[in-house]
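Peer 1: First the structure, then my questions, so here it is.
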Amino acid sequence: MNQSPFFSAGRRALLLAGAALLTATAVPAAEAFKLDGPPKIAFIYAATARDGGWNEAMDNARQIVAQELGYPVAAAESIAEEASALKNAIDLYVQRGFNIIVTTSYGYSDGVLEAAQKYPGVAFLAASGTTNAANLESFYARTYEAWYLAGMAAGAVSQSKTLGMLGGFPVSVVNWDINGFTRGAQAVDPAIRTIALYTNSWWDPAKEGQAAQSILEQNADVIANNLSSAAPFTMAEKAGKASVGFQLDMSKLAPKGHLTSVVFHWDKHLVPTIRQIVGGQWTPTEHGAFPGMKEGVVDITPLGDKVPAGARERIAQARQQILDGSLAPFAGPLLKQNGEVAVVEGQHPDDATLWAMDYLIQGITGSVR
């Protein structure tokens with residue numbers, strides 16, 4: 001496992017603008033995009049493709065794209081999150097006739113926009129990106145939906161009524177995972193609290209292990225990991241506690257205590273989107289694509305044996321309600337840690353409000369400051 005390239009640490013300040021994510025330099029297309037030449041697809045990774053986390057989930061989708069669509073598919077690994085490195089990689093692919101480029105890191109956002117402007121006949125899909133254009137669409141998933149269900153599982157097994165969750169940086173997409181997890185747990189037991197710790201890194205096994213140990217020492221009996229390292233699962237397993245994984249199925253890392261993992265199925269977005277591109281039916285959305293459980297892009301893995309039967313039924317019901325739109329994880333009333341109303345009763349946050357989620361909710365110990 002290598003560092004997840006989901007975001008570049010050097011670009012955190014920009015992400016803290018939250019509401020700007022997936023909206024920056026949005027340029028809606030006046031008509032459907034026309035692909036220049038026969039379809040050839042290239043994926044670009046900031047680290048090794050089989051990293052055990054973010055990249056591996058994306059690379060699994062790459063393989064399915066190749067199998068289902070039958071077009072030529074290539075991949076470049078360990079392309080630095082620098083404009084020149086990305087530019088060189090894209091130039092080489094375009095020269096070889098590749099005209100659908102999938103970039104897989106937030107740190108590529110500015111560079112991929114420049115490439116889109118340079119190559120108007122090439123389609124660009126940017127995972128976790130912040131830029132959009134007539135031939136460029138950024139995309140991410142509604143991960144908070146699946147984290148809500150994972151929180152229900154954690155709340156159902158917790159005896160201490162104390163959960164723990166590790167995150168990388170206090171940015172919107174991490175905050176809504178922590179909040180969604182806690183919200184789901186509180187749906188099972190309103191008395192449950194969550195200890196949130198940010199490691200200020202996307203990959204640091206030593207730091208993640210120390211953070212997990214610290215949470216366990218505070219009487220938490222479930223550790224949820226919003227990162228990719230095996231260390232938190234190892235710590236939880238040694239302590240005889242439960243755990244929840246992210247990005248891929250992490251059950252093998254904690255065979256006794258694993259409850260479920262929140263996982264990506266990026267092929268569910270990429271396959272139909274690429275079909276639209278090839279068919280001349282793709283018009284990039286102004287603020288990027290934001291699929292969720294309904295589209296099959298994010299979900300939870302089968303529940304572990306520790307989750308009781310009654311809880312399984314409630315989780316299955318909640319899952320169906322999220323799919324049919326009758327359950328919104330952040331439906332009001334939703335209160336911030338300081339008691340301020342974040343969402344009033346009878347409403348739920350729109351996408352712009354979600355991207356600006358710079359707070360944690362009541363019931364969480366930890367700070368985004």
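Peer 1: What number of residues within region 68-101 are modelled with pLDDT of 95 or more, more than 12 Å from residue 270 (Cβ to Cβ), assigned to a helix (DSSP H, G or I) and in contact with a helix residue (DSSP H, G or I) (Cβ under 9 Å, 6 or more places away or on another chain)?
Peer 2: The qualifying residues number 6.
Peer 1: Oh, and also: Can you tell me which residues in region 296-348 are more than 15 Å from residue 184 (Cβ to Cβ), surrounded by 17 or more Cβ atoms within 10 Å (Cβ to Cβ) and among the small types (Gly, Ala, Ser)?
Peer 2: Passing the criteria: 304, 342.
Peer 1: Among (1) within 30 Å of residue 41 (Cβ to Cβ); (2) surrounded by 22 or more Cβ atoms within 10 Å (Cβ to Cβ); (3) not acidic (Asp, Glu), where does residue 281 come up short?
Peer 2: Only one criterion in (1) within 30 Å of residue 41 (Cβ to Cβ); (2) surrounded by 22 or more Cβ atoms within 10 Å (Cβ to Cβ); (3) not acidic (Asp, Glu) is unmet by residue 281, namely (2).
Peer 1: Counting just the residues of region 210-233 that are of a type in the set (Gly, Ala, Ser) and under 16 Å from residue 169 (Cα atoms), which one comes out surrounded by the most Cβ atoms within 10 Å (Cβ to Cβ)? Steps first, answer last, please.
Peer 2: Going through region 210-233, the residues of a type in the set (Gly, Ala, Ser) turn out to be 211-212, 214, 220, 224, 228-231.
The next check asks that each one be under 16 Å from residue 169 (Cα atoms); those that pass are 211-212, 224, 228-229.
Working: 211: 25, 212: 28, 224: 34, 228: 27, 229: 26.
Among residues in region 210-233 that are of a type in the set (Gly, Ala, Ser) and under 16 Å from residue 169 (Cα atoms), the one surrounded by the most Cβ atoms within 10 Å (Cβ to Cβ) is 224.
Peer 1: While we're on this one: Between a first residue in region 103-115 that is among the small types (Gly, Ala, Ser) and a second residue that is assigned to a helix (DSSP H, G or I) and buried (at least 24 other Cβ atoms within 10 Å of the Cβ), which pairs have beta carbons less than 6 Å apart while being 6 or more apart in sequence or on different chains?
Peer 2: Close Cβ pairs (under 6 Å, with a partner that is assigned to a helix (DSSP H, G or I) and buried (at least 24 other Cβ atoms within 10 Å of the Cβ)) amount to 111/86; 115/90.
Peer 1: Is it the case that residue 115 is of a type outside the set (Val, Ile, Thr), more than 22 Å from residue 72 (Cα to Cα) and assigned to a helix (DSSP H, G or I)? Give the steps one after another, and end with the answer.
Peer 2: On the way: of a type outside the set (Val, Ile, Thr): yes; more than 22 Å from residue 72 (Cα to Cα): no; assigned to a helix (DSSP H, G or I): yes.
Considered against the rule, which asks whether it is of a type outside the set (Val, Ile, Thr), more than 22 Å from residue 72 (Cα to Cα) and assigned to a helix (DSSP H, G or I), residue 115 comes out as no.
Peer 1: Pairs under 8 Å by beta carbon, first residue without any contact (Cβ under 8 Å) to a residue 40 or more places away in the chain in region 323-343, partner assigned to a loop (DSSP other than H, G, I, E, B) and of a type in the set (Val, Ile, Thr), six or more apart or different chains?
Peer 2: Short answer, once both residue conditions are applied: 332/344; 333/344.
Peer 1: As an exercise: evaluate residue 163 against (1) part of a loop (DSSP other than H, G, I, E, B); (2) over 23 Å from residue 52 (Cβ atoms); (3) aliphatic (A, V, I, L, M) and give the number of the one condition it does not meet.
Peer 2: For residue 163, the failing item is (1).
The values are calculated or read from the model by the stated rules, or taken from the named source; none is laboratory data. Just so it is clear, the structure is predicted and the values come from calculations on it, not from any experiment. No Cβ is skipped: glycine too gets one built from the backbone with ideal geometry, and neighbour counts run over all protein chains shown.
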